[in-house]
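Shown next, in structure tokens, is the structure this report addresses.
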């Protein structure tokens, strides 16, 4: 992406208004809080620009056992009581904030538009649970969902997805799924973190004033990962040695996002490895835009694009 003297000029008029409104509100930034405060602040803000909560035929809370015996909270969303194909969804939040609750509306939209079941996972968060626990929790959940009979789903048709840090976790799960011979039909990735370091041009261009600010990224990563682990592919999927045989990918990026360059690099790496990649870059919007559907039309478009990709992947697998 080229350098812009005024990167704010790239924003859509509506996105610009939202960014200005956030700046004017003058909230204490997450990175100035301890993780418990940051979680509460993120949760409080999560629904502000969201679409209304869509009612579904089936919404059910349960737990999934992790390898160390922990019970991980999860929520099932389904538009009907049929044996539907299933997406394991991993929420964003820098491995530090976010929850099933903060991504509830998004998961409902995906279940509705894709006409599939969505299982949303509360993997354990940093700093109480540091790298690689989130990745292990996500993989334990994917394996559990793939063999589960109690939920009445079509576990032969399985997808994995997530936004931001959740997208990172989905990529890691797909690699483990490939190695374990567990067939995943699609990866649905909204602006995933892919790189070990914040050194691409977009990290500089969009460092300040585009919702996900540079100090947030540094703060989240400090909670989650030790410096010596930063180049580990389970944190930075761009460092995967071999992407051949990974599940096909639908990748939705935000143009005005520090993570956009590494997303494009990941798409290139996957394609070079023979992985089918459907890449959408939503112009003039920022990181987190998929949770702003009430005001940002691109959010609804992204939900529908991702859902269409899911539908197609599941139909072809039928």
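What follows draws every value from the coordinates through simple rules; no lab data is involved. In this text the structure is predicted, and so the values were computed from the model without any measurement. Using ideal geometry, Cβ is built from the backbone for each residue, glycine included, and neighbour counts are taken over all protein chains shown.
Return the Rg/Rh value of the stretch 140-196, two decimal places, where both radii are evaluated on C-alpha atoms and Rh is the Kirkwood radius.
1.00
Taking all pairs of distinct Cα atoms, average 1/r, flip it, and tell me the Kirkwood hydrodynamic radius of the stretch 28-168 in Å to one decimal place.
For the stretch 28-168, inverting the mean 1/r across all distinct Cα pairs yields 15.4 Å.
Grab the Cα-Cα distance for residue 23 and residue 294, subtract it from 0.36 nm times how many residues apart they are, and report the gain in nm with one decimal.
So the chain would gain 95.7 nm between residue 23 and residue 294.
Have a look at the stretch 93-246 and give its Rg and Dmax from the Cα atoms, expressed in angstrom.
Reported Rg and Dmax, both Å: 15.7, 48.
For residue 115 and residue 149, compute 0.36 nm times the residue count separating them, minus their Cα-Cα distance, and round to one decimal in nm.
10.3 nm
Would you work out the relative contact order for the stretch 1-133, in percent, from Cα pairs under 8 angstrom that are 6 or more residues apart?
Averaging sequence separation for qualifying contacts and normalising by length gives 23 percent for the stretch 1-133.
Compute a Gaussian network model of the chain, connecting alpha carbons closer than 10 Å, and tell me which residue from 130, 108, 58 fluctuates the most.
58
Roughly how many nanometres apart are two label points built 7 Å out from the Cα toward the Cβ at residue 156 and residue 5?
6.1 nm
Expressed in whole Å with the largest first, what are the equivalent ellipsoid semi-axes of the stretch 188-278 derived from the C-alpha gyration tensor as the square root of 5 times each eigenvalue?
23, 17, 10
Once you place label points 7 Å from the Cα toward the Cβ at residue 276 and residue 228, how far apart are they in nm?
The two pseudo-label positions are separated by 4.3 nm.
Only helical DSSP H runs with n ≥ 4 go in: add -39500 (n - 2.57) per run for the chain, normalise by residue count and round the 222 nm mean residue ellipticity to 500 deg cm²/dmol.
Counting only the DSSP helices, I get -11500 deg cm²/dmol.
Using alpha-carbon pairs under 8 Å, 6+ residues apart, how would you state the relative contact order of the stretch 121-257 in percent?
It rounds to 29 percent for the stretch 121-257.
Roughly speaking, what is the stretch gain from residue 68 to residue 81, that is 0.36 nm per residue apart minus the C-alpha to C-alpha distance, in nm to one decimal?
1.5 nm
Where the eigenvalues come from the Cα gyration tensor of the chain, what are the semi-axes √(5λ) of the equivalent ellipsoid, largest first, in whole Å?
28, 21, 20
Which whole-number percent gives the relative contact order of the chain, counting Cα pairs below 8 Å spaced six or more residues apart?
20 percent
Restricting things to Cα coordinates, could you compute the convex hull volume per residue of the stretch 51-98 in Å³?
For the stretch 51-98, the hull spanned by Cα atoms encloses 122 Å³ per residue.
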